[in-house]
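In what follows, a structure is listed as structure tokens, so that the remarks can point back to it.
Read-outs throughout are calculated quantities, based only on the coordinates presented, and are distinct from any laboratory measurement. Keep in mind it's a predicted model, so treat the numbers as computed, not measured. Here the Cβ positions follow ideal geometry from the backbone for every residue, glycine too, while neighbour counts run over all protein chains shown.
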Amino acid sequence: MSKFLKILAPAGAGALGVLGSAYMLADQFVVDIPAPVRGSIVVAANAATEDTTGTEEASVSAEPMAEIEQVEMMLQSPEGGFSLGREALSEEVAAWDIDVRPDGLGLPEGSGDVFMGEEIYLENCAMCHGDFGEAIGRWPVLAGGEGTLDGEDPVKTVGSYWPYASTIFDYIHRAMPFGNAQSLTDDEVYALTAYVLYLNYLVEDDFVLNRETFAEVPMPNQDNFFMDDRAEVELGEFSKEACMENCKDTVEIVKRARVLDVTPEAAESDETQENAAEETTEQMAAAETTQAVDEASEETTDATDAIDPELAAAGETVFRKCRACHQVGEGASNRVGPHLNAIIGRSVGSVEGFRYSSAMQDAGGGGLVWSEESLGEFLTNPRDFLAGTKMSFAGLRDEGDVAAIIAYLGSMSE
Amino acid sequence: MVKIFKGSKPSRRSFLKGALAAGGAVTGAGLAQAAPDTAITELQPWNQNLGDGVDVSPYGVPSEFEAHVQRKNVEWLTADTVSSINFTPLHELDGILTPNGLCFERHHAGVAEVDPAKHRLMINGLVDKPLVFTLQDLMRFPRENHVYFLECAANTGMEWRGAQLNGCQFTHGMIHNVMYTGVPLRLILEEAGVKTNGKWVMPEGADASAMTRSVPIEKAMDDCLVAFKMNGEALRPEQGYPMRLVVPGWEGNMWIKWLRRIEVGDMPWHHREETSKYTDLLENGSARRFTWEMDAKSVITNPSPQAPLNHGKGHTVLTGVAWSGRGTVPRVDVTLDGGKNWHQARISGPSLPMSMHRFYFEFDWDGSPLLLQSRAHDSTGYVQPTKDQLRVIRGENSIYHNNGIQTWYVNEQGIAENVEIS
């Protein structure tokens, strides 16, 4: 016993010390916090630099603190810095510093027009944002919404809400298309930006966007933003003395969450704990079953040598490229693309409830079935294999990736 | 009946059933026990059999009986789980620190799985010398430890038009409170040398959403950290591994994860997340921008819809959390009668600026319905407003920064519901 205590004691003391800087004891109703005390103890960081050894100087210029345990020393850079890191090369800065500001700082050379933008948009963006920027499902609406901001259901789009055109270029340039960021050329981003502006009636169909025309684009809602004014409008109002006794005569319930019933696994709160316990039981049971299935499938795998598990695992990584649009596995449903459960061996264009391109429907009607071969060809170059497909993915260049993803999809039979 | 397991591994299911049966027999303190408690009289398997050795669980996980304690998402909220949010199970936690695996997640292009060996932090823009750091470089700077809450500006955003989600996990779970270890951003910026016209910094993430926000230089030089540890261990991938920005007291969206670059400039960038998002639309159609600070807020975590009062009448413990982006929370009031009368709650645990505070209020429940609320007072004198007080100023369309007082209605059975009251 005492031996253990000796071993553990220093660790415990260390943990206390970490919190010690502003630790307030329990069971206090009102705690007066001293203003964050930052001592001016200067640590000459010679010891931290490489070229000096063993000359650790700590010149203490602080006034004595009354409550020394509450002082957090303010860290200081030494004269000449820490000499950490290295200078960034101009090529490196150029590779990453591609963001754009409202004054146009950061806009690259190049240009793009509305027509080119429409083409890129329909291929890369329409599957989520809709053909006219109206959005599919809960993906962001890009156009429309003018005059709705002061209504009950404001629709915040590029045209109705966004204050700066630079934000469109910047965001597309660095983060779109979703799941395939930074795949567009500067000209393509100019063109897409022009098209999004056109969808919002902010430019005409002959508009060409470049660094010069950029400043001409009007953004109607620009002047309706203002700097946070809570300090003036709210802080005083919400800093009045609070009533503690007999604050009101009656209290009525005026709104109830139950009426809406939108909570995941809602209601049954009286039994929540029991349910949770039951859930646990079910999960355990499920875990046991899974284990049994795993064991069983191990046996069958050995017998049939159908899928190389390592290849399938590699395929799961490659599948990240697809995840933005496709789901696979337990509970997979149709998203931008159809779910991919049991795709090998199924007829092309046959998932119920998914709106396929006519090209895909025709191929399925003509008897095409997704085999490892046909799927491989499709994934290598989707539009070459099936002209007219809605799938905007450019294709997998690496043959190994194709094999891996087919192995992965093949392993997701249900 | 005493179950004795011999030879074969005992079924975990039967463990649980036994535990439940025993638990169910005990209702209400002070009641006479009719029959002996089998939790005492029966030999439990763990009383007798050997447990796992020290080599079984090199990275420990919670008891299997806690498997229901999970982050949860609300499917209808977003188009896809890749750009979405899940919620911290506040009703299952106590104290002030959030366990790493339960910290809510919000990402805009999925969890980036960054190889730290291929991760760099670049400082560029209006600096004397643009610099590149590796994680190893960063760890040679002096570092600090601070406990801070991180709250998404949209926390409680679904409740602007009225009570909607039944559970504090869903109404208030876009928050976590963690001890960060990191390097003051000031030291890193000083290393590059900020030019005199450098008034703003723009942190950028390495994930596929390339998250960016504009941060005024005063905040950057004050208390921001570039953190690489949370609660002592490396940041979790979903929290920005290997490094994230910590912006104490300010909205979570600014705490850029997978931080790879900080640009210094002379004006803000007005990027997507500070124009089309994270601006607060008011009733008249105008919008506040740069609403960075998180207002003082609190919520009762127990009882709450997911954590009913299921013990019947008698002594009970009400608890909850409070926080403020402007300092500490020296006082929390609670009411049991919908705000007719208030009582000062007891705060227990560290009271740190811009960190969660834990409060308790113990009382004897007589079994009559309750209307529970909590009200935080922060160290600036600000008192958490009611939702109606907020609506008068902001309307119902602002989505963000809803710090209004939460009400739980608890009925005679102890079932709690999210309501609003007059």
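See the values below:
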quantity	calculated
Within 10 Å of each Cβ in A:164-174, the average number of Cβ atoms from other chains	4
Electrostatic dipole magnitude of region B:198-263 [Cβ: Lys, Arg +1; Asp, Glu -1; Cα centre; debye, to 20]	120 debye
Net charge of Cβ neighbours under 15 Å - reference A:Phe393; Lys, Arg +1; Asp, Glu -1	+2
Per-residue average of Cβ from other chains inside 10 Å of A:74-82	5
Translational diffusion coefficient (Stokes-Einstein; Kirkwood radius from C-alpha pairs) of region A:117-164 at 37 °C, 0.692 mPa s, in µm²/s	293 µm²/s
Order of B:Ser368, B:Ser276, B:Ser355, A:Ser350 - criterion: other Cβ atoms within 10 Å of each residue's Cβ, fewest first	B:Ser368, A:Ser350, B:Ser276, B:Ser355
Cβ-based exposure ranking for B:Trp323, B:Trp342, in which fewest neighbours within 10 Å come first	B:Trp342, B:Trp323
Packing-based exposure ordering (other Cβ within 10 Å, fewest first) of A:Val196, B:Val69, B:Val82, A:Val233	A:Val233, B:Val69, B:Val82, A:Val196
Hz values of 3J(HN,Hα) by residue in region A:142-152 - Karplus curve (6.51, -1.76, 1.60), Gly and Pro given as x	9, 9, x, x, 4, x, 9, 5, 9, x, 6
Full-extension gain in nm, A:Arg86 to A:Ile136, via 0.36 nm per residue minus C-alpha separation	13.4 nm
DSSP-defined antiparallel bridges as percent of all bridges, region B:297-419, nearest 5	95 percent
Vicinal HN-Hα couplings computed from phi for region B:103-113 (Karplus, 6.51 cos²θ - 1.76 cosθ + 1.60; Hz; Gly/Pro x)	5, 4, 10, 9, 9, 10, 8, x, 7, 6, 9
Charge context of B:Gly338, other residues only, Cβ under 9 angstrom, K/R +1, D/E -1	0
FRET efficiency estimate (nearest 0.05) - Cβ-Cβ, B:Thr38 to A:Asn180, R0 60 angstrom	0.50
Global form of chain B, assessed from the alpha-carbon gyration tensor, a/c cut-off 1.5	oblate
Amide H contacts of A:Val254 (H built 1.01 Å from N, under 5 Å, at least 5 apart or other chain)	B:Glu420, B:Ile421, B:Ser422
Whole-angstrom gap from region B:91-120 to region B:195-253, using each part's C-alpha centre	14 Å
Pairwise label distance in nanometres, B:Ser57 with B:Asn145, each label 7 Å out on the Cα-Cβ vector	2.4 nm
Positive dipole terminus of region B:297-419, leading residue within B:Tyr409, B:Ser304, B:Pro385 (C-beta point charges)	B:Pro385
Nonlocal amide H pairs with B:Tyr180, under 5 Å, H built at 1.01 Å	B:His146, B:Val147, B:Tyr148, B:Asn231
Cβ neighbours within 10 Å from other chains - mean over A:140-146	1
Förster radius 22 Å - calculated FRET efficiency between B:Lys277 and A:Asp103, Cβ distance, rounded to 0.05	0.55
Volume per residue of the C-alpha convex hull in region B:297-419, rounded to whole Å³	107 Å³
Positive-end residue, region B:39-136 charge dipole about Cα centroid, Cβ charges, pick of B:Asn86, B:Pro116, B:Leu50	B:Pro116
Charge context of B:Leu150, other residues only, Cβ under 10 angstrom, K/R +1, D/E -1	0
Max mean-square fluctuation residue, GNM over chain B, Cα-Cα springs under 10 Å, options B:Val194, B:Val392, B:Val299	B:Val392
Links that overshoot a 26 Å alpha carbon limit, given the list A:Lys240/B:Lys219; B:Lys219/B:Lys257; A:Lys240/B:Lys72; A:Lys156/B:Lys118; A:Lys156/B:Lys195; B:Lys313/B:Lys387	A:Lys240/B:Lys219; A:Lys240/B:Lys72; A:Lys156/B:Lys118; A:Lys156/B:Lys195; B:Lys313/B:Lys387
Order by protection proxy (mean Cβ within 10 Å, highest first), peptides B:177-185, A:141-149	B:177-185, A:141-149
Given charges at Cβ of Lys, Arg, Asp, Glu: chain B dipole, positive-most of B:Ser348, B:Met211, B:Trp250	B:Met211
Peptides ranked, highest mean first, by Cβ atoms within 10 Å: ranges B:226-237, B:254-265	B:254-265, B:226-237
Estimated vicinal HN-Hα couplings, Hz - region B:383-389 in sequence order (Karplus 6.51, -1.76, 1.60; Gly, Pro = x)	10, 3, x, 7, 5, 5, 4
For A:Ser371, residues with placed amide H under 5 Å, excluding near neighbours	A:Gly345
Mean projection area, nm², convex hull over Cα of region B:84-288	11.9 nm²
Under 20 Å from the A:Phe226 label point (7 Å along Cα→beta-carbon), backbone N, region A:139-161	A:147-151, A:161
